[in-house]
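To start, the structure under review is shown below, and the notes come after it.
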Amino acid sequence: MNTSDQISAAMKRHRGDDSENEFYTRFRYKPVRGLGYEKGVNRRDPSSIIKCKGQYYIWYTRNECDQSSWLDADIWYAVSKDGVDWQEVGPAVKRGDAGCWDEYSVFTTEILVAENRYYLTYQAKRNNDPLNVVGMAWADSPDGPWTKLEQPILEPSRDGKLINPNEHGDSNWGAALEEGCWDSGAIHDPGVITWKGQYYLYYKGHAIGETMFTDSKWGVAVADKPEGPYRKHSANPVSNSGHETWVFPWRTGMAAIVDWAGPEKGTIQYSEDGINFEIMTTLEDIPPAGGAYIPDKFLDTGDGRGFSWGLAHYGGSDWAFLVGFDCDLQPDVKKDLGWKNFSHYSTIRDVMKDPERFGVSRESLFRCKADAE
């Protein structure tokens, strides 16, 4: 115990140990069946999970392209009774006809349940167009059929100039002749949440002239109806970090998981108004593009209760696939923090990924893991 009158800078900003912080959790990963690794098929960027008529639903990007795991794609869906065994049903939203604003790809989707309907927001891209837009489709049932809105519901800011826009393909935020505002180069990862009687569409943005992975930020656009029109908030961007958007109700406010990109990477943040977020703690091994089962996500109850499981994607292999995760990200829930239950403790992930480069056989790594168990 410190008995002096001095308080260090670290202790001035200390809010409590992880074991006492309700925002802290560790993530535990497991395989799922039906959406796992399959040579020749990419599955990635899962949506939030909903439950309807006794089964869970999830939507995700799917293609069979060996050039990109997330372009040249359609949006598919799957169902499950238990969240582990999944049955892939088929496409929900497909690309548009030649010449349409979604002719090349529809991808990175999120579900919204509102006003007795189901809505999918997603990225959409035209052939040979460096800028993507956000589209929306609706249905009366999670099984469809889905009806696309005729026009995008959100577009990037139309400023900034590329040196040669015909050469950049999807990397449209680099090589700028004139830098644009924060979402001039790309708008990605759209997802809508009901919030105090309105609809908040969070999205990731890049500026023309910025670097893809290190400079992404989040913005929000607000509407009075699920279909819009959506108005970009004057305070944008509302986050200075994060590669994927991930927001959900938490008690009387809203929580945001900010993953590996930006100066506030690896944190969970909280806001009472959905605009001004403050860091609550740091997190480890955050699920890539996580889609959680959040029972009250669209109820707007004013008392968000968090979540305990979901799906994410693994993109480090030749074909992307989905995995399951568990966590304790709920208020008033005892958390599993025992270090022996988390294989990443005291490991260096570069060694785990390529052990031979460090003179360690894969068999010895697996044996070490088995011994720890």
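General remarks:
- Ignoring aspartates and glutamates fewer than eight residues from residue 217 along the same chain, the ones with Cα atoms less than 13 angstrom from its Cα are 183, 189, 244, 259, 264.
- Residue (of 245, 71, 325) at the positive-pole extreme of the chain, dipole from beta-carbon charges: 325
- Of 125/196; 30/353; 265/334; 196/225, pairs whose Cα-Cα distance is over 21 Å: 125/196; 265/334
- Total formal charge among the other residues, if their Cβ is under 14 angstrom from that of residue 142, Lys/Arg +1 and Asp/Glu -1: 0
- Residue exposure sequence - 300, 102, 74 - by fewest surrounding Cβ within 10 Å: 300, 74, 102
- The chain: C-alpha gyration tensor shape, a/c 1.5 cut-off, then a/b vs b/c: rounded
- Sequence-distant residues sharing a close amide H with residue 328 (under 5 Å, placed H): 26
- Taking amide H positions as modeled 1.01 Å from N, with prolines and chain starts lacking one, the residues under 5 Å from residue 153 and 5 or more places away or on another chain are 134, 135, 136.
We did not get these values from a lab; they are worked out from the coordinates using the rules stated. Computed from a predicted model, the values in this text were never measured in an experiment. Note that each Cβ is placed from the backbone with ideal geometry, even for glycine, and that neighbours are counted across all protein chains shown.
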